[in-house]
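Structure, as structure tokens:
The values are calculated or read from the model by the stated rules, or taken from the named source; none is laboratory data. Every value quoted in this text rests on a predicted model; they were computed, and no experiment measured them. For neighbour counting, all protein chains shown are included, and Cβ atoms are generated from backbone atoms with ideal geometry for every residue, glycine included. These accessible areas exclude ligands, DNA and RNA; they are computed on the full protein's heavy atoms, side chains included. Shrake-Rupley method; radii C 1.70, N 1.55, O 1.52, S 1.80 Å.
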Amino acid sequence: MSGTRGTNGTFIGMPSFPQAARAAVRDTTLRGNLRHATRTIRAKRARAVAEVSDWAALREAGRQIKDHTLRHLDRYLVQLEEAVTAAGGTVHWAADADEANRIVCGLVKATGESEVVKVKSMATQEIGLNEALEAEGIRAYETDLAELIVQLGRDRPSHILVPAIHRNRGEIRDIFRSEMGDWGRPAPDGLTDAPAELAEAARLHLREKFLRAKVGISGANFMVAETGTLVVVESEGNGRMCLTLPETLISVVGIEKVVPTWRDLEVFLQTLPRSSTAERMNPYTSMWTGTTDGVAADGPRAFHLVLLDNGRTDTLADRVGRQALRCIRCSACLNVCPVYERAGGHAYGSVYPGPIGAILSPQLRGTRSEIDASLPFASSLCGACFEVCPVAIDIPEVLVHLRERVVEGGPATRAGNKVVLRPAGGHAAERAAMRAARWAFSHPGALRAGQRVASRSRRFLPRTLPGPGRAWSASRDLPEVPAEPFRDWWQRTRGGHDRYGR
């Protein structure tokens with residue numbers, strides 16, 4: 001299921017969410033893999049969070065730190081640039097994906113190398129960096145185990161934290177057996193689907209790449225403005241290898257990942273591991289500031305930080321939608337979402353799947369494509385995502401906000417310019433229904449008459465809606481019309497008065 005990204009980050013040829021989800025829910029293997037994985041992860045997370053008596057206070061602290069940083073983002077980004085430069089690094093600013101790819105490809109080509117090792121990075125997936133490097137004759141090797149599985153299988157990630165969550169052990173064994181040899185060291189003979197054997201095969205395959213790589217590419221979970229320090233948290237140790245062994249390190253990081261101080265970082269190093277991997281702390285927390293001197297020193301001799309906008313400034317301009325930029329990519333919202341559990345990540349047509357993807361992707365990319373216009377509707381609005389978010393992003397609120405934008409159009413910011421969006425196609429019936437409802441609720445007499453007609457003719461009312469409404473009622477039961485309108489019942493039983501005689 002490999003895909004080619006368009007210039008706006010969508011996968012070319014991907015259908016809208018409803019179409020993609022309709023196909024996904026018929027895949028019984030996929031649904032079994034997702035059900036087992038998400039239920040296991042969320043149960044472990046619940047136990048890990050329950051251990052912390054001040055979890056609510058940590059959650060609120062994270063929200064406030066992120067909101068403060070976003071309000072003063074210009075100041076903290078300049079401070080970050082000054083600190084990184086003072087530590088020997090070089091900062092590059094990328095307005096969009098194309099500019100970021102040009103910068104990174106140019107930096108790699110300047111080293112004379114034709115291959116790079118990569119730490120798991122959502123930002124580089126967002127901009128399609130691997131494809132851009134390949135077009136320049138540079139091969140990128142993913143070193144995270146799940147990303148390796150996705151890359152070898154010519155697949156796409158389907159989860160923020162566990163990109164290969166849609167694969168079971170048997171499928172992974174088959175991928176390793178058939179594909180590893182084309183990318184380097186082949187899988188051992190007689191490889192089984194035992195987790196220890198699969199992990200050992202990946203370790204042996206990647207070891208030679210770590211030892212010969214001269215260029216590493218990473219993202220970052222956080223950037224500390226006061227010191228210019230970047231932070232990567234991971235569980236396998238591959239990140240530590242990529243960050244310390246290569247002579248040149250290039251980090252592509254979204255501008256929203258900055259935090260003001262080391263003290264702020266303390267909050268997120270408590271909430272992120274428990275919300276993501278259900279661990280008290282990450283096995284590997286790597287921090288680096290600038291460059292190192294000397295052959296024997298760990299860390300890069302040349303460090304480049306590419307600060308990526310790619311729609312983030314536009315998102316920041318939206319007072320409701322900007323809270324999506326608080327996201328620390330823990331994936332807790334995916335693991336509790338009933339829609340994600342059944343449809344999987346590929347149906348979202350974005351590197352950001354699940355509830356957070358449903359609000360982040362349409363803001364970063366806009367809602368002009370069929371995929372992005374459908375994402376705000378990829379939710380039941382149950383609110384479970386908001387309850388588990390460690391930085392208190394009110395995802396349902398943003399979903400409703402974006403739905404209004406899709407259906408009604410209205411003011412928005414694109415590429416730094418204020419524009420007025422036209423309503424998306426396919427919502428004419430919905431707009432007409434809402435206008436009719438607004439008129440009816442504004443005219444009590446007409447509403448009362450309509451209720452009485454509906455009650456008296458309820459035996460003849462259809463069980464499904466006609467025309468465009470058929471899609472809605474195909475998966476829902478229409479509420480039964482009562483034999484008597486509430487207003488009439490109240491008048492008959494209470495005589496128009498409440499129990500106090502008013």
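Some notes on this structure:
- The number of residues in the stretch 399-418 that are out of contact with any helix residue (DSSP H, G or I) (no Cβ under 9 Å at 6 or more places or on another chain) and open to solvent by less than 50 Å² (accessible area, probe 1.4 Å) comes to 1.
- Across the stretch 210-219, a minimum of one residue is classified as part of a strand (DSSP E or B) and either more than 17 Å from Gln125 (Cα to Cα) or among the acidic types (Asp, Glu) (or both).
- Across the stretch 257-289, the qualifying residues are those that are among the small types (Gly, Ala, Ser) and within 18 Å of Glu236 (Cβ to Cβ), and the one among them that is farthest from the chain's Cα centre (by Cα) is Ser286.
- Qualifying positions in the stretch 174-192 - open to solvent by less than 60 Å² (accessible area, probe 1.4 Å) and over 24 Å from Arg139 (Cβ atoms): Thr192
- Annotation: of all residues in the stretch 373-398 being within 14 Å of Ala21 (Cα to Cα) and touching a residue at least 60 places away in the same chain (Cβ under 8 Å), the one that is surrounded by the fewest Cβ atoms within 10 Å (Cβ to Cβ) is Phe377.
- Residues satisfying the criterion are present in the stretch 64-85 (criterion: under 23 Å from the mean Cα position of the chain (by Cα), closer than 23 Å to Ala302 by Cα and either assigned to a helix (DSSP H, G or I) or of a type outside the set (D, E, K, R) (or both)).
- Taken over the stretch 250-291, the residue count meeting the criterion of being open to solvent by 10 Å² or more (accessible area, probe 1.4 Å) and either among the charged types (D, E, K, R) or free of Cβ contacts under 8 Å to residues at least 12 places away in the same chain (or both) is 7.
- Residue list for the stretch 200-218, filter: out of contact with any helix residue (DSSP H, G or I) (no Cβ under 7 Å at 6 or more places or on another chain) and in contact (Cβ under 8 Å) with a residue 24 or more places away in the chain: Glu208, Lys209, Leu211, Ala213
- Within the stretch 81-114, restricting attention to residues that are without any contact (Cβ under 8 Å) to a residue 24 or more places away in the chain and among the small types (Gly, Ala, Ser), the residue that is nearest to Thr315 (Cα to Cα) is Gly106.
- Residues being more than 40 Å from the chain's Cα centre (by Cα), open to solvent by 60 Å² or more (accessible area, probe 1.4 Å) and of a type in the set (A, V, I, L, M, F, W, C) - total across the stretch 427-484: 4
Per-residue answers, yes or no, for (1) open to solvent by 30 Å² or more (accessible area, probe 1.4 Å); (2) over 30 Å from Val267 (Cβ atoms):
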| site | (1), (2) |
| --- | --- |
| Ala57 | yes, no |
| Gln64 | yes, no |
| Arg71 | yes, no |
| Leu77 | no, no |
| Glu82 | yes, no |
| Glu99 | yes, yes |
| Cys105 | no, yes |
| Ala110 | yes, yes |
| Ala123 | no, no |
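- Entry remark, the stretch 292-328: residues being free of Cβ contacts under 8 Å to residues at least 60 places away in the same chain, open to solvent by 40 Å² or more (accessible area, probe 1.4 Å) and farther than 23 Å from Thr244 by Cβ number 1 in total.
- Applying the criterion of being in contact (Cβ under 8 Å) with a residue 60 or more places away in the chain and out of contact with any strand residue (DSSP E or B) (no Cβ under 7 Å at 6 or more places or on another chain) to the residues of the stretch 133-155, the residue that is nearest to Ala37 (Cα to Cα) is Leu145.
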